[in-house]
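The values are calculated or read from the model by the stated rules, or taken from the named source; none is laboratory data. Keep in mind that what you see is a predicted model, and the values were worked out from it rather than measured. Cβ sites come from the backbone with ideal geometry, for glycine too, and all protein chains shown count toward neighbours. The area values use the complete protein model at the heavy-atom level, side chains included, leaving out ligands, DNA and RNA. Shrake-Rupley method; radii C 1.70, N 1.55, O 1.52, S 1.80 Å.
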Amino acid sequence: NSGQPAVLIHLKTGRFVAYSAVCTHMGCTVAYQKSSGDLVCPCHGSVYDPAHGAKVLRGPAPRPLPKIPVKMEGGEVVKT
């Protein structure tokens, strides 16, 4: 609803998680890196772990990406 970029990830556990795709360092848009399963900022190299609350694995990001609550409903992922 905010008009800001977001990312939806289907984890290996079968769960879906969603986060803001705006890096908490300088506001660049992060991208999913399939090879590692992480979210990576192309501007300054911050790395986030989507399977663990988008915690920062490598800075300079000061905090995790904001979580967007989602759930499965009628076979679709919807924001709660």
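Taking the condition open to solvent by less than 40 Å² (accessible area, probe 1.4 Å) and either in contact (Cβ under 8 Å) with a residue 40 or more places away in the chain or on the phi > 0 side of the Ramachandran plot (or both), does Cys28 pass? Spelling it out, it is not the case that Cys28 is open to solvent by less than 40 Å² (accessible area, probe 1.4 Å) and either in contact (Cβ under 8 Å) with a residue 40 or more places away in the chain or on the phi > 0 side of the Ramachandran plot (or both).
Filtered by the rule that a residue be among the charged types (D, E, K, R) and either in contact with a helix residue (DSSP H, G or I) (Cβ under 6 Å, 6 or more places away or on another chain) or open to solvent by 90 Å² or more (accessible area, probe 1.4 Å) (or both), region 34-80 gives Lys34, Lys55, Arg58, Arg63, Lys67, Lys71, Glu73, Glu76, Lys79. All conditions in (1) touching a Cys at 6+ places or on another chain (Cβ under 9 Å); (2) of a type outside the set (Gly, Ala, Ser); (3) within 19 Å of Lys79 (Cβ to Cβ) hold for Pro42, with the sole exception of (3).
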